[in-house]
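Worksheet: one structure, shown below.
The values are calculated or read from the model by the stated rules, or taken from the named source; none is laboratory data. This is a predicted model, so every value here is computed, not measured. Here the Cβ is made from the backbone with ideal geometry for all residues, glycine too, and neighbour counts use every protein chain on show. In case anyone asks, the SASA skips ligands and DNA or RNA and just uses the protein heavy atoms, side chains included. Shrake-Rupley method; radii C 1.70, N 1.55, O 1.52, S 1.80 Å.
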Amino acid sequence: KQEVTQIPAALSVPEGENLVLNCSFTDSAIYNLQWFRQDPGKGLTSLLLIQSSQREQTSGRLNASLDKSSGRSTLYIAASQPGDSATYLCAVYTSGTYKYIFGTGTRLKVLA
Amino acid sequence: DAGVTQSPTHLIKTRGQQVTLRCSPKSGHDTVSWYQQALGQGPQFIFQYYEEEERQRGNFPDRFSGHQFPNYSSELNVNALLLGDSALYLCASSFLQGSYEQYFGPGTRLTVT
């Protein structure tokens, strides 16, 4: 049974700092991994999708890496801004299951 | 290009009542998944619909049922509501022959009193 864990649960950093969010999963037979952003009370916004054959994806100040063998993914945010404050969720699509399994998220606060 | 839309935005129901939530997928998508998100938790998979059939189901009781229409839109029905059903209900769409990348709607906030 796939389980997804995100560490830390909450993070508070000053503006401009580079930071890393972690996601780990127990079953390496994944099809892809997706990182999302969620603002309070809102839906999920897709940030990056990494296919199982890829090692990393980049979009602007965001970079996500994937290491299937160790069951880990990281989301790197460069030069953080107050507008980056949100909850960040990772979700894993395990092959043959037709569903995403989510972690509980990292709640990020960037202080001005 | 319209993204995933959901209605209603908010809903207040009483225990024991029934509720129907609606979702229209992103243009070009043929698969709809429903998730329940309790406060402070990650979304939990309820079920997925493709070609008007339920393709996969999570650990939710039969009180949760769904439907997909020929235009790919979908409904989530919950019968005999319990206080514990209060949550944000999220709909996600994807294209079966694609990368399975899911696009989420804004959600429906259900409160059961």
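Computed quantities for the displayed model
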{"item": "Count of residues meeting criterion [under 10 Å from the mean Cα position of the chain (by Cα) and open to solvent by 10 Å² or more (accessible area, probe 1.4 Å)] in segment A:76-91", "result": "2"}
{"item": "Hey, B:PHE60 in contact with a strand residue (DSSP E or B) (Cβ under 8 Å, 6 or more places away or on another chain) and free of Cβ contacts under 8 Å to residues at least 24 places away in the same chain or not", "result": "no"}
{"item": "Breaking point among (1) farther than 15 Å from B:VAL78 by Cβ; (2) out of contact with any Asp or Glu (no Cβ under 6 Å at 6 or more places or on another chain), for B:TYR35", "result": "(1)"}
{"item": "Elements of type strands (runs of 3 or more DSSP E) contained in segment B:31-113, each with 3 or more residues being open to solvent by less than 70 Å² (accessible area, probe 1.4 Å) and within 12 Å of chain A (Cβ to nearest Cβ)", "result": "B:31-37, B:44-50, B:53-57, B:87-94"}
{"item": "Which listed residue is more than 28 Å from B:ALA38 (Cβ to Cβ), touching a Ser or Thr at 6+ places or on another chain (Cβ under 7 Å), open to solvent by 60 Å² or more (accessible area, probe 1.4 Å) and among the hydroxyl-bearing types (Ser, Thr, Tyr), from A:SER53, A:SER69", "result": "A:SER69"}
{"item": "Residue within segment A:58-74 that is under 26 Å from B:SER93 (Cβ atoms), in a loop (DSSP other than H, G, I, E, B) and among the hydroxyl-bearing types (Ser, Thr, Tyr) present", "result": "no"}
{"item": "Failed criterion for A:TYR31 (all others in (1) more than 11 Å from every other protein chain (Cβ to nearest Cβ); (2) touching a Ser or Thr at 6+ places or on another chain (Cβ under 6 Å); (3) at pLDDT below 95 hold)", "result": "(1)"}
{"item": "Condition check for A:THR94: closer than 29 Å to B:ILE46 by Cβ and either more than 10 Å from every other protein chain (Cβ to nearest Cβ) or open to solvent by 40 Å² or more (accessible area, probe 1.4 Å) (or both)", "result": "yes"}
